[in-house]
Amino acid sequence: MGTRYLIIGNGVAGITAAQEIRAHDPAGQITIIGDEGKPYYYRASLSEWIAEDSTTEQTYARTTGFYEAMRIENVTGRVDRIDAERKQVSLESGDQTPYDKLLIATGASPNAVPIAGLEDPMAYRTWDDARKIKEHVDPQTNVLILGGGVLGLELAGALVEIGTRNIAIVQLLDFLGPPLLDEHAGRWLERRIRADGLTLFLGDTVERVEGQVAHLKSGKTRDFDLFVQSVGVRPRYPEVPGLETGRAVRIDEHGATNLPDIYAAGDCTETCVRSQGRWQPTRIWLDCARQGRVAGCSMAGVDASLTEYPFLNASILYDIHYAYIGDPNAEGGVAHILENDRAYRKVRLVDGNLAGAMLMGDRRGMMPMYRAIGLPVAEYGDVIARSDFPWNDLTGKDWEYLFF
Ligand SMILES: Cc1cc2nc3c(=O)[nH]c(=O)nc-3n(C[C@H](O)[C@H](O)[C@H](O)COP(=O)(O)OP(=O)(O)OC[C@H]3O[C@@H](n4cnc5c(N)ncnc54)[C@H](O)[C@@H]3O)c2cc1C
């Protein structure tokens, strides 16, 4: 009998690990337990699905024959508890499943702010959430989104695309988009969003709800038909006695936890940034995939490590494509900013070297800029924020077409 690999979580971290295990251990038995009852899908595509820019099939990340072709048993169920000594997991259904090697890839759950009078608020994380939201909206729907961070704004942008304009966003900080945006960039986005006719309550929150009316801390009120909370996420994982955690499951550079034969990957983890001596939660797709790959290799006995690399995330904020490269928002250094109605480009230097960039609306040069982090660029002055700056010449390669 081959090694029994058990993976909890049918998301990008779990699936990437499963693929890696299969590549290195053709005889192993791979089982994935997931509680959504869905094949693996792109969470980041849910907004495109709401906006009707992609079909249901396009949100699936693998074809229907994937599990069979990879000989992965896909079980629907929720794991409640992991017994590391007996090497078995207990499911909510009462079933027990043994393992030789286990991966915890259980992702994150949306935070919920308790609000008096608000029962069962909607969240925005899963396919089911997206479907419920979509079922409730039409162009006349009065939508209230609590939270002006990345996901709340992404949802607002998707709803605007299908003609829903009666949208109010309530944001505790007095600018939009943190931690991706600093205040200056947040103001740029705010102007864009207000120009679309959305209502913003900044520096405010919802204190209580009476019927279909939200009462804000400022004393203002807002009617709504649909109330969605988007106030961040917290790592999620089953009960595991003895597991080392901080804000999330702690893993080493091989994806291993402190318990024998138990690994973890994705949004449920945090990793140590040794150069800064701190633990950092995992939050983006690319990092989840990287961790899944490394954990899968380690589980199959193949040497692989996570390395420290500058941060990169490229996605959509409201309806604007952005790229967040390196560290554009920290204190200190010199920032060059070019902005107009269409685009916002901020490039930050520390000691004359490229430290990071935030590009919105015009992401040209993002890959070569990523490769140029740490290079001396002070001599070019503020032209480095222009989208026609020849980054490829500076890095000596055509990085636009060379991704990782
Ligand atoms: C709407 C949205 C848009 C996003 N857009 C982007 C983007 O543009 N770019 C980007 O980089 N990132 C984006 N993200 C974040 C990105 O999707 C996540 O970082 C990534 O999906 C996390 O992958 P994961 O495999 O760790 O966890 P998940 O994808 O959450 O998968 C974990 C799975 O495990 C299941 N599970 C949890 N507990 C149990 C249990 N006890 N038993 C069984 N199953 C369990 C969960 O239900 C889930 O299906 C977005 C997220 C959302 C919600």
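The values are calculated or read from the model by the stated rules, or taken from the named source; none is laboratory data. If you're wondering where the values come from, they're calculated on a predicted model, not measured in any experiment. Glycine also receives a Cβ, built like all others from the backbone with ideal geometry; neighbour counts cover every protein chain displayed.
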Residue hits (segment 209-237; among the charged types (D, E, K, R) and assigned to a strand (DSSP E or B)) are 210, 222, 223, 234
Mind counting the residues in segment 169-203 that are in a loop (DSSP other than H, G, I, E, B) and either crowded, with 21+ Cβ neighbours inside 10 Å or β-branched (Val, Ile, Thr) (or both)? 5
Residues of segment 295-316 being in contact (Cβ under 8 Å) with a residue 60 or more places away in the chain and buried (at least 23 other Cβ atoms within 10 Å of the Cβ), in sequence order, are 295, 296, 299
Is it the case that some residue within segment 242-256 is closer than 29 Å to residue 12 by Cβ, hydroxyl-bearing (Ser, Thr, Tyr), outside the structural domain of residue 148 (by TED's automatic domain parsing) and in a loop (DSSP other than H, G, I, E, B)? no
Tell me whether segment 294-317 contains one or more residues that are more than 11 Å from the ligand (Cβ to nearest atom), on the phi < 0 side of the Ramachandran plot and under 17 Å from the mean Cα position of the chain (by Cα). yes
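Of all residues being in a loop (DSSP other than H, G, I, E, B) and in contact with a helix residue (DSSP H, G or I) (Cβ under 8 Å, 6 or more places away or on another chain) in segment 102-117, which is nearest to residue 129 (Cα to Cα)? Just the residue, please.
107
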Filtering segment 328-352 down to residues that are surrounded by 18 or more Cβ atoms within 10 Å (Cβ to Cβ) and polar (S, T, N, Q) yields 329
Residue 325 being modelled with pLDDT of 95 or more, among the β-branched types (Val, Ile, Thr), under 18 Å from residue 186 (Cα atoms) and surrounded by 14 or more Cβ atoms within 10 Å (Cβ to Cβ): yes
Quick one: which residue in 23, 84 is more than 30 Å from residue 164 (Cβ to Cβ) and within 16 Å of the ligand (Cβ to nearest atom)? 84
Do any helices (runs of 4 or more DSSP H) lying entirely in segment 34-101 carry at least 2 residues that are crowded, with 18+ Cβ neighbours inside 10 Å, and which ones are they? 46-50
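When only residues in segment 1-23 that are β-branched (Val, Ile, Thr), touching a strand residue (DSSP E or B) at 6+ places or on another chain (Cβ under 9 Å) and in a helix (DSSP H, G or I) count, which is nearest to residue 98 (Cα to Cα)? Steps first, please.
Step one: list which residues in segment 1-23 are β-branched (Val, Ile, Thr), which gives 3, 7-8, 12, 15-16, 21.
Then keep just the ones that are touching a strand residue (DSSP E or B) at 6+ places or on another chain (Cβ under 9 Å); that gives 3, 7-8, 15, 21.
Going one step further and asking which of them are in a helix (DSSP H, G or I), we end up with 15, 21.
On the way: 15: 19, 21: 18 Å.
Here the answer is 21.
Identify, please: which residue in segment 118-133 is within 12 Å of the ligand (Cβ to nearest atom) and assigned to a loop (DSSP other than H, G, I, E, B) and is, among those, farthest from the chain's Cα centre (by Cα)?
Filtering segment 118-133 down to residues within 12 Å of the ligand (Cβ to nearest atom) leaves 123-130, 133.
Still in the running and assigned to a loop (DSSP other than H, G, I, E, B): 123-126.
Working: 123: 15, 124: 12, 125: 10, 126: 12 Å.
If we take residues in segment 118-133 being within 12 Å of the ligand (Cβ to nearest atom) and assigned to a loop (DSSP other than H, G, I, E, B), then 123 is farthest from the chain's Cα centre (by Cα).
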Among the residues in segment 139-160, are any farther than 30 Å from residue 293 by Cβ, assigned to a loop (DSSP other than H, G, I, E, B), away from the ligand (no atom under 16 Å from the Cβ) and free of Cβ contacts under 8 Å to residues at least 12 places away in the same chain? no
